[in-house]
Amino acid sequence: MREYIPVLNRTKLFAGVGEAEISAMLVCLQAKQYSYKKGEYVFRQGEYLNNITVLVEGGLHVQSDDYWGNRSIINVITIGEMFGEAYAAPGSGALLNDVVAVEDSTVIFFDVRRILTVCSSACKFHSLVVQNLFFAISEKNRMLVQKLGHMAKRSTREKLISYLSEESKRQSSPTFTIPFNRQQLADFLSVDRSAMSNELCKMRDEGLLIFEKNKFTLL
């Protein structure tokens, strides 16, 4: 687990905490490391959580499948991101979605009760981690509001323009990559893949953008 301390040091949860302190806090917070193969479930809908988790290697999708197998991608979790915090508090209810490894992944689990309760040794940086947790949850809520903004658009083109514009601003460049293939992008925006691909081709022909695989340039 200690080989991932440099990764944890760059996360929002441990912002401002040195690597030596993180090493000590791994024991304090009862951290546990788990690995998952591509396609394996980290969590399934209906489970109850009592851990906050951080991805330190690989990639995960938060997704939901309906009765007929139609998939929606709710969120993408990249290295250093935290997940599960919305369900870790007592009384939060069961998971509404699945969390699936989209490549071989490693996840570190932290007991949420150990994070929210200052330990007997009164770790110097414990209160900072609690503060970071609050800020990280606030930022994630903001990102979900942004996604709702994309989803609120009526047409496939409007959803694409909303999402691609936001990614361009986030990456501070008219040329950028997105973390999705075509099917995953369709699942993320809740649109038909064929209709979305046709719309992208129309937008390209109209001189609005150019693209190759998951790389886009807005014109």
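Among the residues of the stretch 174-209, those identified as surrounded by fewer than 18 Cβ atoms within 10 Å (Cβ to Cβ) and in a helix (DSSP H, G or I) are Arg182, Gln183, Arg193, Ser194, Ala195, Ser197, Asn198, Cys201, Lys202, Arg204, Asp205.
Condition check ((1) under 17 Å from Gln30 (Cα atoms); (2) exposed (fewer than 14 other Cβ atoms within 10 Å of the Cβ)) across all residues:
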| position | (1), (2) |
| --- | --- |
| Leu55 | yes, no |
| Asn75 | no, no |
| Ile79 | no, no |
| Glu85 | yes, no |
| Asp98 | no, no |
| Thr106 | yes, no |
| Asp111 | yes, no |
| Ser138 | no, yes |
| Arg157 | no, no |
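Where strands (runs of 3 or more DSSP E) fall entirely within the stretch 35-98, those with at least 1 residues that are within 22 Å of Val7 (Cβ to Cβ), assigned by TED's automatic domain parsing to the domain that holds Thr11 and touching an Asp or Glu at 6+ places or on another chain (Cβ under 6 Å) are at 51-65.
Any residue that is in the same structural domain as Asn51 (by TED's automatic domain parsing) and out of contact with any helix residue (DSSP H, G or I) (no Cβ under 8 Å at 6 or more places or on another chain) - is there at least one of those in the stretch 118-126? Scanning the stretch 118-126, I find at least one residue that is in the same structural domain as Asn51 (by TED's automatic domain parsing) and out of contact with any helix residue (DSSP H, G or I) (no Cβ under 8 Å at 6 or more places or on another chain), so the answer is yes. Here Ser92 qualifies as surrounded by fewer than 17 Cβ atoms within 10 Å (Cβ to Cβ), under 22 Å from Lys147 (Cβ atoms) and either among the acidic types (Asp, Glu) or out of contact with any Cys (no Cβ under 6 Å at 6 or more places or on another chain) (or both). Within the stretch 162-173, the residues that satisfy the criterion of being touching a residue at least 24 places away in the same chain (Cβ under 8 Å) and under 14 Å from Thr217 (Cβ atoms) are Leu164, Ser165, Glu167, Ser168.
The values are calculated or read from the model by the stated rules, or taken from the named source; none is laboratory data. Here the structure is a predicted model, which is why all the values come from computation and not from measurement. Virtual Cβ from ideal backbone geometry, glycine too; neighbours counted across all protein chains shown.
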